[in-house]
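Engineer: Could you have a look at this structure, given as structure tokens, before my questions?
Just so it is clear, none of the values below were taken in a lab; they were calculated from the coordinates. Everything numeric here is computed off the predicted structure, so don't read it as measured data. Backbone-built Cβ (ideal geometry, glycine too); neighbour counts: all protein chains shown.
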Amino acid sequence: MIAKLSSLIYSRGFNLIHLGKGFLTKWLLLIFSLHLWGCDERGDTRMAPFSLAPDVPNQFLRFINQQPSLAAGQYQLFILPTTSEVGTYSGTLTLAGAEADISGQWQVGVDIDWQSTLEPSHDVTLPNAGGFDLQLTCSAPCMAYVVKANFLFLQHSFSATNETWSVPVSQINSPQYAKAYYSAVDENESRTTLANWKSHNGFDEGFDHHVIFRDSKDLGYGRDMYARINDNGSLAFFVNNFVLALGKGNPANYGPLNLLAAVDQNLDYLLGSNAIELSPIDENDGQSDLILKFFTFSAPDENGEQVRITSADLDGRGIKHMPGMCQVCHGATLLPLNADGSFNLLTLKSAKLNQLEVDSFEFMETGVYSKTNQQPAIKTLNQAIHDSFATLATRDSFEPGFWDSSFAQLVAQGRYGGDGFISDEFVEADIPTGWQQTSNRPEGVEILYKQVVEPHCISCHSLRGFNAGNDEDLDEVLVNGLVTQTGNSINFSSYEKFIGYSDLIIDYVYRRGAMPLSLRNYEQFWRKDSEAPNLLAGFLPGFDVVNELGLVQQAGNAVARAGQDRSARSPVLLVGSGSYFANTFSWQVLSAPVNSVYSIENSQSSLATLNADTDGEYLVQLTVDNSRAQPHTSTFTLTLDSTLNKHGSHLNFADDIAPLLQTTLYNQRTCQSCHYSESDIEGIPVYYDSGNLNVYQDVRARVDFNDPDNSILIRKPTRLQHGGGVRLDLTTQLGRSVYSVFMDWIAHGAPCGQDEVICVMP
């Protein structure tokens, strides 16, 4: 029935759409209902029992480490003149949605150095890691300084006129970041509209391929895609995205109706367009390295023009800024801007194209835009994308962050019958060698790949990871009784590499709800009739995320995370901000040395302080709660040691952290023995030697103020998947002591110090 109705509509040019949105919606809702009633081919197109409720923790394209500008805690804000003039200032500080008025005055002869000024400061308390907005009017040119524990974190100059200084909540998801990105990829400002982007990339002369489908795995948009494949190896794609919004937050916004709107190319439902080009990094030098460049354009204005935009709300779950809303699913490494405000080169070079996964697309049943008729064009595009992997791999393999594309190429080839793309059609049954059943792998590993890993993981994870430590000849070890390979295995190229991440998979999928990363993919994974959550859980050693009935539990319950055992001097900052979905916090000491006197300040906050007068072991517990389930607790042993060289608030990068990275930590090797500029290891992502003038920014980028214990700086050297093996063994006193220094430094904001070379203010 639905096929006949669809055929009738399309034989008449789908003119119903042109009758207006209200009329269209009624008709399409009827078609939609019939379509759902008559189709049970895929869970995505039938009326799934699962839909994304408002409290379900999926925000689509979330950033695992948001790179907050400042850690939580108390800071001092100094407003000082740039000259010794009498003057005043006044303004408004906006923090966590609240506004506060500030004002003050300067006296003649007052020292204008914030380190010795007699002027009072303004206390600024960040309840969570993030930023602020300062609107300020000074009677004469002035400077704002953000200081904590006598370390300078930020500074900004103001003229005598009314100005606003915005310190973004996230350094990688902000207007400043997007502006810097577009400046890097479009230095000549030649692609500020979709029209001039098309002209720049040769679309005025036509296009090589045109396909239309609904992307049912990502956002559910109707995709109207055009492509040019150039002889010099460069590529260019632009996609018009069609969405029939039936109401805010309505899951049907991202359903099959969008395909119909895309086929008719009705501009009333054109949400906007995005474009990708593989072109020289330096547009003034055609021989420079090819990189991916992403552009997002608005819906047509009243003149039909689509202008370049810096952000968009892709799914009704919040604004995302460029390029993160694209790059996060394209295998990129999102790093903050350099100290001079320029865009990070590693981030620019790290993105890759995604394959067009035919088995996850929805097509028209018949006609030009059917699956059958579009397969040849999609194959050609996928072959070009495969070739781009090889092109990106031609860069110097000793570049920081060099990516090994071999697995991505293998997956692409397998989907078309092997090397040479011998099959005319997309092969859905392909299983890479690393996932094929062998006697050394548990029964059902191929089912795990086809039902979980391939549909929910591989499209992004085949594009991730660095070449460093990704050698197939690396040692195999036993983890929870299962064979796994050491080294950087985040590309999931084999079962052994995948299962080596079992603890993080449990955390990211079942506790945090951070994976699968995309809207529709997340929905499909957790659909009530989906076997994926149970199937995956059955392969994960130590799986324990179950409800009171023993059933696998979806993320959303509060999870307390108080950190690992550590040593410190009193007073100690207790950091619970890495807890998941917690609305309330409660700290307490379960046991303490005999006759000790202690107290906890701000015990009902994610950030508390323990004061104690006696050295020894304190068993500290964090309890968190929300409205979804029972309270959850986490404990750790805090060893107070007054003989430690420094209190945590006095630690800084130049004096304390940089030397640690150059000191023997474990197995008689230093971090710098691999992470140095002249290293002979391919693809090392960061250098810790003094020759790297951006070493502080590079280390800071691997710190997560929202979740200090999950910072890559700490997590990497404590895991087998670190290419250099375990370097912070938390079962040893040495490992725990180094961990404690890192944690205390991060908890206090990760200050750089006073080094005039590496501690350059942004």
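Engineer: So how compact is the stretch 73-159: Cα radius of gyration and Dmax in angstrom?
Structural biologist: 12.5, 38
Engineer: Also, quick follow-up: Enumerate the calculated ³J(HN,Hα) couplings along the stretch 73-84 in order (Karplus 6.51 cos²θ - 1.76 cosθ + 1.60, θ = phi - 60°), each rounded to whole Hz, writing x wherever the residue is Gly or Pro.
Structural biologist: x, 9, 10, 10, 10, 9, 10, 10, x, 7, 10, 7
Engineer: Set Lys and Arg Cβ to +1 and Asp and Glu Cβ to -1, take the dipole of the chain about its Cα centre, and tell me which of Gly563, Cys674, Ala658 lies farthest positive.
Structural biologist: Toward the positive end, the furthest listed residue is Gly563.
Engineer: To continue, here is another question. Mind listing the phi-derived Karplus ³J(HN,Hα) values for the stretch 355-360, rounded to whole Hz, using 6.51, -1.76 and 1.60 with θ = phi - 60°, and x for any glycine or proline?
Structural biologist: 5, 7, 8, 4, 6, 9
Engineer: Still on this structure, please answer the following. Using only the alpha carbons of the stretch 135-179, what is the convex hull's orientation-averaged projected area in square nanometres?
Structural biologist: Numbers: hull surface 16.1 nm².
Mean projected area for the stretch 135-179: 4.0 nm², to one decimal.
Engineer: Where Rh is the Kirkwood radius over the Cα pairs of the stretch 231-283, the temperature 20 °C and the viscosity 1.002 mPa s, what D in µm²/s does Stokes-Einstein return? Don't jump to the answer; show the numbers that get you there.
Structural biologist: On the way: Rh = 13.0 Å.
D = 165 µm²/s.
Engineer: Still on this structure, I have one more. For the stretch 206-249, give the magnitude of the charge dipole about the Cα centre (Cβ charges: +1 Lys/Arg, -1 Asp/Glu; no others), in debye to the nearest 20.
Structural biologist: Values: 5 positive and 5 negative charges, 51 e Å.
Using Cβ point charges on Lys, Arg, Asp and Glu, the stretch 206-249 gives about 240 debye.
Engineer: What size of dipole, in debye to the nearest 20, comes out for the chain about its Cα centre when the only charges are +1 on Lys and Arg C-beta atoms and -1 on Asp and Glu C-beta atoms?
Structural biologist: Working: 48 positive and 86 negative charges, 371 e Å.
Using Cβ point charges on Lys, Arg, Asp and Glu, the chain gives about 1780 debye.
Engineer: How large is log10 I(q)/I(0) at q = 0.14 Å⁻¹ when the Debye formula is applied to the Cα atoms of the stretch 184-337, each weighted equally and without solvent?
Structural biologist: -0.73
Engineer: Follow-up question, since we're still on this one. Skipping prolines and chain starts, which residues have an amide H placed within reach, meaning under 5 Å, of the one on Leu246, given they are 5 or more residues away or on another chain?
Structural biologist: Long-range HN contacts for Leu246: Asn253.
Engineer: Mean residue ellipticity at 222 nm from the helices of the chain, using -39,500 (n - 2.57) per DSSP H segment of n ≥ 4 over the full residue count, to the nearest 500 deg cm²/dmol? Numbers along the way, then the final one.
Structural biologist: Details: 18 runs with 152 residues, N = 762.
Calculated at 222 nm, the ellipticity per residue is -5500 deg cm²/dmol.
Engineer: So, one more: Neighbouring Cβ atoms within 10 Å as the yardstick, rank Leu134, Leu345 fewest first. Don't skip to the end; give the middle numbers.
Structural biologist: On the way: Leu134 23, Leu345 17.
Lowest to highest Cβ neighbour count: Leu345, Leu134.
Engineer: If you average 1/r over all unlike Cα pairs in the stretch 648-747 and invert the result, what Kirkwood radius do you get in angstrom?
Structural biologist: Details: mean 1/r = 0.0728 Å⁻¹.
For the stretch 648-747, the Kirkwood estimate is 13.7 Å.
Engineer: Taking the radius of gyration and the Kirkwood hydrodynamic radius from Cα positions alone, what is the Rg/Rh ratio for the stretch 321-388, to two decimal places? Intermediate values should be presented prior to the final figure.
Structural biologist: Values: Rg = 17.0 Å, Rh = 14.5 Å.
Ratio of gyration radius to Kirkwood radius for the stretch 321-388: 1.18.
Engineer: Express the Stokes-Einstein translational diffusion coefficient of the stretch 268-387 in µm² s⁻¹, to the nearest whole number, given a Kirkwood radius over alpha-carbon pairs, 10 °C and a viscosity of 1.306 mPa s.
Structural biologist: 94
Engineer: Please list, or write none, the aspartates and glutamates whose alpha carbon is within less than 16 Å of the alpha carbon of Lys217, excluding same-chain residues fewer than 8 places away.
Structural biologist: Lys217 reaches Glu41, Asp44, Asp315, Glu357, Asp359, Glu362, Glu428, Glu454, Glu523.
Engineer: Moving to a separate point now. Given H placed 1.01 Å from N in the peptide plane, which residues other than close sequence neighbours of Ile291 have an amide H under 5 Å from its amide H?
Structural biologist: For Ile291, whose amide H was placed from the backbone, the distant partners under 5 Å are Ser279, Ile281.
Engineer: Only bridges with both residues in the stretch 566-640 count here: give the DSSP antiparallel percent, nearest 5.
Structural biologist: Numbers: 24 of 27 bridges.
Percentage antiparallel, nearest 5: 90.
Engineer: Next question. Give me a comma-separated list of calculated 3J(HN,Hα) values for the stretch 274-290, in order, Karplus coefficients 6.51, -1.76, 1.60 applied at θ = phi - 60°, integers in Hz, x for any Gly or Pro.
Structural biologist: For the stretch 274-290, the Karplus curve yields 10, 9, 9, 9, 9, 8, x, 4, 10, 5, 8, 10, x, 9, 6, 4, 7 Hz.
Engineer: Sum up the charges of everything whose Cβ sits under 11 Å from the Cβ of Thr670, counting Lys and Arg as +1 and Asp and Glu as -1, but leave Thr670 out. Walk me through the numbers on the way to the answer.
Structural biologist: On the way: positive: Arg669, Arg727; negative: Asp689.
In short, +1.
Engineer: May I ask you to list the aspartates and glutamates whose Cα is less than 17 Å away from that of Lys646, ignoring any residue fewer than eight positions away on the same chain?
Structural biologist: Within the straight-line cut-off, Lys646 pairs with Asp613, Asp615, Asp655, Asp656, Asp744.
Engineer: So if R0 is 60 Å, what FRET efficiency would Gln107 and Arg669 give, r being the distance between their Cβ atoms, rounded to the nearest 0.05? Working shown, then result.
Structural biologist: Details: r = 56 Å, r/R0 = 0.94.
After rounding to 0.05, the efficiency reads 0.60.
Engineer: Using the Cα atoms as the points, what is the convex hull volume per residue of the stretch 488-586 in Å³?
Structural biologist: Values: hull volume 15.4 nm³, N = 99.
Hull volume normalised by residue count: 156 Å³.
Engineer: By how many nm would the segment from Glu205 to Asn583 grow when fully extended, if each residue of separation counts as 0.36 nm and the alpha-carbon distance is taken off?
Structural biologist: Working it through step by step, the gained length comes to 130.4 nm.
Engineer: Would you mind checking the radius of gyration and Dmax of the chain based on alpha-carbon positions, in Å?
Structural biologist: When restricted to Cα atoms, the chain yields Rg and Dmax of 27.5, 88 Å.
Engineer: Next question. Once Lys and Arg get +1 and Asp and Glu get -1 on their Cβ, which of Leu235, Phe213, Gly202 lies farthest toward the positive end of the dipole of the stretch 202-241?
Structural biologist: Of the candidates, Phe213 comes out farthest on the positive side.
Engineer: Against the 2.2 N^0.38 Å scaling, with N counting residues, where does the stretch 254-335 land? I'd like the Cα-based Rg ratio to two decimal places.
Structural biologist: Numbers: Rg = 15.4 Å, N = 82, 2.2 N^0.38 = 11.7 Å.
Taking the Cα Rg and dividing by 2.2 N^0.38 Å, one obtains 1.31.
Engineer: What are the equivalent ellipsoid semi-axes of the stretch 566-640, built from the alpha-carbon gyration tensor (square roots of five times its eigenvalues), in whole angstrom, biggest first?
Structural biologist: Equivalent-ellipsoid dimensions as semi-axes: 24, 11, 10 Å.
Engineer: I would also like to ask the following. Are any of the pairs Lys148/Lys349; Lys198/Lys371; Lys198/Lys450; Lys198/Lys320; Lys528/Lys716; Lys320/Lys349 more than 32 Å apart by Cα-Cα distance, and if so, which? Let's see the in-between values first.
Structural biologist: Values: Lys148/Lys349 35 Å; Lys198/Lys371 27 Å; Lys198/Lys450 38 Å; Lys198/Lys320 24 Å; Lys528/Lys716 35 Å; Lys320/Lys349 21 Å.
From Lys148/Lys349; Lys198/Lys371; Lys198/Lys450; Lys198/Lys320; Lys528/Lys716; Lys320/Lys349, over 32 Å: Lys148/Lys349; Lys198/Lys450; Lys528/Lys716.
Engineer: Which aspartates and glutamates have a Cα lying under 14 Å from the Cα of Lys497, excluding residues fewer than 8 positions away in the same chain?
Structural biologist: Partners within reach: Asp471, Glu472, Asp473, Asp475, Glu476.
Engineer: Relative contact order for the chain using alpha-carbon pairs under 8 Å, separation at least 6, rounded to a whole percent?
Structural biologist: Working: 1535 pairs, mean separation 85.4, N = 762.
Normalised by residue count, the contact order of the chain is 11 percent.
Engineer: When the dipole is taken about the Cα centre of the stretch 520-559, and only Lys, Arg (+1) and Asp, Glu (-1) are charged at their Cβ, what size is it in debye, to the nearest 20?
Structural biologist: Details: 3 positive and 5 negative charges, 30 e Å.
So the magnitude is around 140 debye.
Engineer: Once amide H atoms are built 1.01 Å from N in the peptide plane, which residues 5 or more positions from Leu271, or in another chain, come under 5 Å H to H?
Structural biologist: Hits under the 5 Å cutoff: Asn241, Phe242, Val243.
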